1. Taking residue 87 as meeting all but one of (1) farther than 24 Å from residue 172 by Cα; (2) crowded, with 19+ Cβ neighbours inside 10 Å; (3) of a type outside the set (Gly, Ala, Ser), write down the number of the exception.
2. If I filter the stretch 76-84 for residues that are out of contact with any His (no Cβ under 9 Å at 6 or more places or on another chain), at pLDDT 90 or above and assigned to a helix (DSSP H, G or I), do I get at least one hit?
3. Quick one: residue 107 ticks every box in (1) of a type in the set (Val, Ile, Thr); (2) at pLDDT 95 or above; (3) under 13 Å from the mean Cα position of the chain (by Cα) except a single one, so which number is it?
4. Would you please name the residue that is modelled with the lowest pLDDT, looking only at residues in the stretch 10-29 that are surrounded by fewer than 19 Cβ atoms within 10 Å (Cβ to Cβ) and part of a helix (DSSP H, G or I)?
5. Determine whether residue 98 is modelled with pLDDT of 90 or more, in a loop (DSSP other than H, G, I, E, B), touching a Pro at 6+ places or on another chain (Cβ under 7 Å) and polar (S, T, N, Q).
6. Those residues that are in contact (Cβ under 8 Å) with a residue 60 or more places away in the chain and surrounded by fewer than 15 Cβ atoms within 10 Å (Cβ to Cβ), I need them from the stretch 35-82; list them, please.
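The values are calculated or read from the model by the stated rules, or taken from the named source; none is laboratory data. None of these values were measured; they are calculated from a predicted model. Here Cβ is always computed from backbone atoms with ideal geometry, including for glycine, and neighbour counts include all displayed protein chains.
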Amino acid sequence: MPKKIVITGGPGTGKTSLVSYLLNKGYQCMPEISREIILEAQKNGIEQLFLEDPILFSQKLLEGRKKQFKDTHHLKNTFLFFDRGLPDITAYMDYSKTIYPDHFLDTCHSLKYDLVFLLPPWKDIYKQDNERYETFEEAIIIHDYLLKGYEKYGYRVIEIPFGNLEDRKEFIFNTLRNL
């Protein structure tokens, strides 16, 4: 089985671009699923599901990410990169002060990734859009919640420095070689 590696970060950190870059370089990547859930809800007339029903939104994320996590036994690659992990869900609910059922915590404790990389807030590339409604200042706070959220489940979180996509990829693989 491949090593399961999370790449996470708050909004506007370049996370999705980095994961897409890894995918284009031939690495196996599991995509972020929250935009799919948002678009599905919008088709059903719910503009911002996370704001209107954060538990339902988070439950859909939990189910989707659990499926991603478990559907890896057949993969033969050395590394499998995840665009966000299960602890992102509880970190975002903690950020929004949402009370959630214990099964969210239980899932995060029982399904463990091998390594977590966190991208820091980067003002130079930050842009708001239809799915990214947070300000840059809120993105900084979310970053802190993500860091604490992963540490709460016992992860050592490695922060990826600013840089172009190739530099960030090289940082990841240099880190992996040195572990």
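1. (1)
2. There is no residue in the stretch 76-84 that is out of contact with any His (no Cβ under 9 Å at 6 or more places or on another chain), at pLDDT 90 or above and assigned to a helix (DSSP H, G or I).
3. Result: residue 107 passes all but (3).
4. Here the answer is 16.
5. It is true that residue 98 is modelled with pLDDT of 90 or more, in a loop (DSSP other than H, G, I, E, B), touching a Pro at 6+ places or on another chain (Cβ under 7 Å) and polar (S, T, N, Q).
6. First, the residues of the stretch 35-82 that are in contact (Cβ under 8 Å) with a residue 60 or more places away in the chain: 35, 38, 48, 69, 72-73, 75-82.
Within the stretch 35-82, 35, 73, 75, 76, 77, 78 meet the criteria.
One line per residue, one yes/no per condition, for (1) more than 21 Å from residue 35 (Cβ to Cβ); (2) modelled with pLDDT under 95; (3) outside any helix (DSSP H, G or I); (4) touching a Cys at 6+ places or on another chain (Cβ under 8 Å):
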| residue | (1), (2), (3), (4) |
| --- | --- |
| 130 | no, yes, yes, no |
| 137 | yes, yes, no, no |
| 141 | yes, no, no, no |
| 155 | yes, no, yes, no |
| 173 | yes, no, no, no |
